[in-house]
1. Can you give me the three principal axis dimensions of the chain from its C-alpha atoms, in Å, biggest first?
2. Across region 91-101, in residue order, what do the Karplus-derived ³J(HN,Hα) couplings come to in whole Hz, using 6.51 cos²θ - 1.76 cosθ + 1.60 with θ = phi - 60° and x for Gly and Pro?
3. How much length would be gained if the chain were fully extended between Val109 and Asp88, taking 0.36 nm per residue of separation minus their Cα-Cα distance, in nm to one decimal?
4. Evaluate E = 1/(1 + (r/R0)^6) for Tyr98 and Arg39, where r is the Cβ-Cβ distance and R0 equals 25 Å; express this FRET efficiency to the nearest 0.05.
5. Suppose R0 equals 25 Å; then what is the FRET efficiency for Ser69 and His18 from their Cβ-Cβ distance, rounded to the nearest 0.05?
6. Suppose R0 equals 30 Å; then what is the FRET efficiency for Gln157 and Arg118 from their Cβ-Cβ distance, rounded to the nearest 0.05?
7. Under 5 Å between amide H atoms, partner at least 5 residues away or on a different chain: which partners does Gly136 have, H built in plane at 1.01 Å?
Amino acid sequence: EHVAIDQFLTDLVARRSHEVQEQNVSLIGADFAIVDIDRILLERAIINLIENARKYARGAPVWIASTRSANGYVYIRVVDEGPGIPADELGKVQNAFYRGKDSSVTQGVGLGLHITSRIIEAHNGTMSVSVGEHGGTTILLKLPYNQEATILGNSQQKMSIPGHVRPTPGK
Ligand code: ATP
Ligand code: MG
């Protein structure tokens, strides 16, 4: 399935903020890119990250951004400004059923990050977990994009300049 990542993220964030009043989640930018992935799986992968940010960062702002690099990958970042993951747990949180030491006050079974990483890896990508610049948590998803479809789609977007009226043939 061809998924246009910029449109996909725009729709997802808009729908989430409407459905569950997640006003603190914002998309700060998304490059055009076509990724071959099941839409439902990609949505699950990203919602798991948004739900974690909401659960652990407790109302602190959450940012999502997506960039396309020339080497064939899309990088999707989900960044929160919450308490962050302790350094000694960073390498374990994506293990199945792993729950953080401080997570006993929250609900969960420890599968969210595991599922996300499995979905991304099944599409030849990687997930990495790190401490953000200002504390907090940054999850980085790296996914290969469909080069042919992305280059074609990108040039078509550039040709259809909004407000530009094409001359009518035969007049
Ligand atoms: P589930 O997702 O299955 O409901 P869970 O949220 O505990 O349960 P994961 O999403 O896999 O499981 O996360 C594993 C652990 O990583 C969490 O228990 C928590 O300690 C830590 N963690 C994950 N995301 C964040 C975050 N954004 N901020 C702080 N800690 C996090
Ligand atoms: Mg979770």
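Every number in this text was worked out from the coordinates using simple rules, so none of it is lab data. Note that the structure is a prediction, hence the values are computed from the model and not measured. Virtual Cβ from ideal backbone geometry, glycine too; neighbours counted across all protein chains shown.
1. Over the chain, Cα extents along the principal axes are 72, 32, 28 Å.
2. Using θ = phi - 60°, the values come out as x, 10, 4, 8, 6, 4, 6, 7, 10, x, 4 Hz.
3. Numbers: separation 21, 0.36 × 21 = 7.56 nm, distance 1.97 nm.
Working it through step by step, the gained length comes to 5.6 nm.
4. Numbers: r = 28 Å, r/R0 = 1.10.
Calculated transfer efficiency: 0.35.
5. Values: r = 31 Å, r/R0 = 1.25.
Efficiency, from the Cβ-Cβ distance: 0.20.
6. 0.40
7. When sequence neighbours closer than 5 places are left aside, the close amide H contacts are Gly82, Gly84.
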